[in-house]
Amino acid sequence: MKKKDIESLRTKGKDELLKIVAERRLEADKAKAEVKAGIQKNIKKVTNLRREIAVILTILTEKSLMEKTEKQEETVKEEK
């Protein structure tokens, strides 16, 4: 996954990212089955799809942590 792709993923919302993860998981399962059946010659395709899923899940985690810290900062400001 290229840096431009990662940057474009960061601009997307949680719902879109979850949808992309679901699609990538289906692709990975399908590719894995094809590799085992001997249809797919590109063995690295499964590995690359798994990496893409990990990157997207990391971005989702970052977004949720950012939201939590923003909420905590707002509550601290309100208390003062």
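Any read-out appearing in this document is the output of simple, stated calculations on the displayed coordinates, not a laboratory observation. In this text, all values refer to a predicted model and were calculated from it rather than measured experimentally.
Some points to look at:
- Calculated translational diffusion coefficient of the chain (20 °C, 1.002 mPa s; Stokes-Einstein with Kirkwood radius over alpha-carbon pairs) equals 147 µm²/s.
- Converting phi to 3J(HN,Hα) with the Karplus coefficients 6.51, -1.76 and 1.60 and the offset θ = phi - 60°, segment 27-39 yields 4, 5, 4, 5, 5, 5, 5, 5, 5, 5, 7, x, 6 Hz in sequence order, with x at every glycine or proline.
- Calculated [222 nm] ellipticity per residue, helices only, for the chain: -30500 deg cm²/dmol; basis is -39500 (n - 2.57) per DSSP H run with n ≥ 4, divided by all residues, nearest 500.
- Applying a threshold of 18 Å to the alpha-carbon distances of 19/68; 14/68; 12/45; 4/32 flags 19/68; 12/45; 4/32 as lying beyond it.
- Phi-based couplings in Hz for segment 10-22 (Karplus 6.51, -1.76, 1.60; Gly and Pro marked x): 5, 7, 7, x, 4, 4, 5, 5, 5, 5, 5, 4, 4
- Degrees separating the helix 44-79 axis from the principal Cα axis of the chain, which is the longest one: 10 degrees
- Gain upon complete extension [residue 15, residue 50; 0.36 nm per residue less C-alpha separation]: 10.7 nm
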